[in-house]
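Here is the structure we will look at, set down as structure tokens.
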Amino acid sequence: MPTRTEIFLFDVASGANCPAEFWDSIQERHLLDLEGAWSESLRQLRAKSNYVRQESSHWNWRVKVNSIRGQLGNKSFAIECNNHTQGVMIVSLLSSCRLPAVKGKPLVYVDYLETAPWNRPSLGVVRFRGAGTVMVSAAIQLSRKEGFGGRIGLHSLPQSEEWYAKRGMTNLGPDKRYQNLSYFEMSESQASAFSPEE
Amino acid sequence: MSKQTMTLNLTDEEMQVLKDLCEKKGLSKTALMRQALRMYQAIDSRIERGDKLWVENESATEKAELMVL
């Protein structure tokens with residue numbers, strides 16, 4: 001049974017926090033929302049003259065979720081707010097640190113993280129703020145729970161590099177073995193600064 | 001999520017390897033065994049669907065298939 005936790009996202013229009021739910025696994029309802037509301041929103045945004053091509057637009061979340069079903073080494077998460085999915089993430093527990101001081105120690109690797117099209121500054125629309133931050137915090141919490149000290153890592157799409165750098169992650173540069181995407185890592189101390197332990 | 005407890009019988013040598021790995025990876029014995037189980041399942045799933053497991057040494061340009069039973 002999935003667990004839901006009450007959280008808040010910032011509603012830009014009203015300027016107030018909006019109650020939201022953090023799910024500890026992506027459910028069918030979220031996939032249907034991605035295939036419905038997310039796709040429709042992207043279709044409408046594509047028609048606008050100022051549309052910026054989204055580097056994650058080819059991601060098929062149903063295929064990704066099906067590929068990790070039953071795997072202990074992967075976990076998925078979703079955020080719901082205002083009856084819609086606001087963000088989704090898949091992480092792996094099988095990766096190791098690259099930062100020299102902790103090289104070879106385990107971390108939580110963020111395989112995929114995507115927020116709803118209506119929450120992306122790159123598309124000129126932001127309805128709810130905080131989904132990305134909630135997801136990174138969740139990866140850090142999971143890392144702590146598994147004894148990895150809050151360490152996380154990921155390969156960033158170019159459009160998201162600035163966002164991860166601003167969150168205090170170390171950019172270890174382009175990874176020629178991973179489509180030349182820049183690899184970012186967050187150490188234990190960087191994780192504490194981003195999301196202090198309770 | 002509920003958790004279950006089990007007793008694990010290891011030889012002295014196996015216990016020493018477990019302790020060494022815990023020290024190296026900065027993990028408790030439980031965390032390390034859970035990590036090993038995840039890894040074993042992931043590899044087994046890939047092998048079962050026909051994938052092969054390779055070990056590569058980039059600097060020595062060596063590549064070898066790892067036999068997994």
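The values are calculated or read from the model by the stated rules, or taken from the named source; none is laboratory data. Everything numeric here is computed off the predicted structure, so don't read it as measured data. Here the Cβ positions follow ideal geometry from the backbone for every residue, glycine too, while neighbour counts run over all protein chains shown. All accessible areas refer to the heavy atoms of the entire protein, side chains included, with ligands and DNA or RNA removed. Shrake-Rupley method; radii C 1.70, N 1.55, O 1.52, S 1.80 Å.
Of all the options A:P121, A:P100, A:P158, the one that moves most in a Gaussian network model of chain A with Cα springs shorter than 10 angstrom is A:P100. Listed by chain and number, the aspartates and glutamates placed with their C-alpha closer than 17 angstrom to that of B:K52 are B:D44, B:E62, B:E65; residues fewer than eight positions away on the same chain are left out. The magnitude of the dipole of the protein assembly as shown, with charges of +1 and -1 set on the Cβ of Lys/Arg and Asp/Glu and taken from the Cα centre, is near 400 debye.
Here the label points at A:S39 and A:R69, each 7 Å from Cα along the C-beta direction, are separated by 1.9 nm in the simple model. Our coupling estimate for segment A:24-37, obtained by passing each phi through the Karplus curve with A = 6.51, B = -1.76, C = 1.60 and θ = phi - 60°, is 8, 6, 6, 9, 4, 4, 6, 4, 5, 5, 5, 6, x, 4 Hz, Gly and Pro reported as x. Checking every one of the chymotrypsin sites (Phe, Trp or Tyr not before Pro) in segment A:1-97 against DSSP loop status and a limit of 16 other Cβ atoms within 10 Å picks out A:Y51, A:W59. Against chain B, whose longest principal axis comes from its Cα atoms, helix B:12-25 is set at around 80 degrees.
Take chain A, connect every pair of alpha-carbon atoms lying under 10 Å apart with a spring to form a Gaussian network, then pick out the residue of A:R98, A:R120, A:R29 with the largest mean-square fluctuation. Of A:R98, A:R120, A:R29, the most mobile in the Gaussian network model is A:R29.
Taking all protein chains together and a 1.4 Å probe, the residues B:T30, A:T170 rank B:T30, A:T170 from largest to smallest accessible area.
Applying a DSSP loop filter and a limit of 13 other Cβ atoms within 10 Å to the chymotrypsin sites (Phe, Trp or Tyr not before Pro) in segment A:129-196 leaves A:Y178. Taking a point 7 Å out from the Cα of A:A47 in the direction of its Cβ, none of the residues of segment A:67-85 has a backbone N less than 12 Å from it.
Under a GNM of chain B (C-alpha, springs under 10 Å), which listed residue has the highest mean-square fluctuation: B:S28, B:S45, B:S59? Maximum fluctuation in the GNM of chain B, among the listed residues, is at B:S59. Along the charge dipole of chain A, which of A:N119, A:F8, A:H58 sits closest to the positive end, that is, farthest toward it, with unit charges on the beta carbon of Lys, Arg, Asp and Glu (+1, +1, -1, -1)? Farthest towards the positive pole: A:H58.
Reducing segment A:62-126 and segment A:32-55 to their Cα centroids gives an inter-centroid distance of 20 Å. In this structure the amide hydrogen of A:Y51, modeled in the peptide plane, comes within under 5 Å of no amide hydrogen from residues 5 or more places off or on another chain. Exposed loop sites here mean trypsin sites (Lys or Arg not before Pro) with a DSSP loop assignment and at most 10 other beta-carbon atoms within 10 Å; chain B contains its longest site-free run at B:4-48.
Here the extension length gained between B:E13 and B:E62 equals 14.7 nm, from 0.36 nm per residue of separation less the Cα-Cα distance. Between chains A and B, what is the buried accessible area summed over both chains (1.4 Å probe, protein heavy atoms, nearest 100 Å²)? So the total buried area for this chain pair works out to about 1300 Å².
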